[in-house]
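The values are calculated or read from the model by the stated rules, or taken from the named source; none is laboratory data. Note that this is a predicted model, so its numbers are computed, not measured. All Cβ positions, even for glycine, are placed from backbone atoms using ideal geometry, and neighbour counts span all protein chains on display. For accessibility, only protein heavy atoms count, side chains too; no ligands or nucleic acids. Shrake-Rupley method; radii C 1.70, N 1.55, O 1.52, S 1.80 Å.
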Amino acid sequence: MRPVDLLRLLLLAAIWGSSFLFMRLVAPALGPLLTAELRVLLAGLALFAWFRATGTDLGLRAHWRFFVIVGTVNSGVPFALFAYAALHIPAAYSAVLNATAPLFGVICAAVWLRERVTPARVAGLALGIAGVAVMVGVGPVQPTPQVLLAVGAGLAAPLCYGLAATYIKLHGAGIRPGAV
């Protein structure tokens, strides 16, 4: 890996990781839905500007239904669920719950795409989740009903990512990956 690629990877990790801290700070003030809407709006504006600047044709007219489904399941709903979770659990817990996304991806692919779940995959998933937990330093939290509901929301969000990835694989043929 080139040093510039490593720097990009670290920057991307910092951006993604900071979103949980952002939600933890903003969601109590704005509420989970407005927090999620602002995240989607800001990301949408940035992507729109990028595609306009590069002259990229997304094929919105031809594939708008696909984009609405993917945008809702892969961004809108998970962002709202994580913003709700941020009201009741620490940001570190949200990061660990987000680390279950590959697990849900494997489960969804096994169910709808008939992909095999191998012991090596299961071990890799478990190590990845444990690694994230160790890195963020997860500590004890009282298991109140609100906390348990927040954990449920925090698990439903990465489930949405797994569903969206499977949907993209099933229905995204002919759509430019950059547009997705």
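Would you confirm, using the coordinates I've provided, whether A109 is open to solvent by 40 Å² or more (accessible area, probe 1.4 Å) and either out of contact with any Leu (no Cβ under 8 Å at 6 or more places or on another chain) or touching a residue at least 60 places away in the same chain (Cβ under 8 Å) (or both)? When the stated conditions are applied, A109 does not pass them.
Of note, A123 does not satisfy the criterion of being on the phi < 0 side of the Ramachandran plot, crowded, with 19+ Cβ neighbours inside 10 Å and not acidic (D, E). Of the residues making up segment 44-87, those that are open to solvent by 50 Å² or more (accessible area, probe 1.4 Å) and not in a helix (DSSP H, G or I) are G55, D57, L87.
Looking at this structure, is L127 over 21 Å from L163 (Cα atoms) and out of contact with any Gly (no Cβ under 7 Å at 6 or more places or on another chain)? Answer is yes for this residue. Scanning segment 136-160 for residues that are under 18 Å from the mean Cα position of the chain (by Cα) and open to solvent by 50 Å² or more (accessible area, probe 1.4 Å) turns up V136, L155, L159.
Across segment 26-36, which residue is farthest from A157 (Cα to Cα) among those that are in contact (Cβ under 8 Å) with a residue 24 or more places away in the chain and open to solvent by 60 Å² or more (accessible area, probe 1.4 Å)? The residue in question is P28. So which residues in segment 1-25 are of a type in the set (S, T, Y) and touching a residue at least 12 places away in the same chain (Cβ under 8 Å)? Once the filter is applied, which keeps residues that are of a type in the set (S, T, Y) and touching a residue at least 12 places away in the same chain (Cβ under 8 Å), segment 1-25 yields only S19.
In the set I168, I175, only one residue is farther than 21 Å from A101 by Cα and open to solvent by less than 70 Å² (accessible area, probe 1.4 Å); that residue is I175.
For beta carbons closer than 9 Å, sequence separation of 6+ or different chains, a first residue in segment 140-155 that is without any contact (Cβ under 8 Å) to a residue 12 or more places away in the chain and on the phi > 0 side of the Ramachandran plot and a second that is among the charged types (D, E, K, R) and surrounded by fewer than 16 Cβ atoms within 10 Å (Cβ to Cβ), there are no qualifying pairs.
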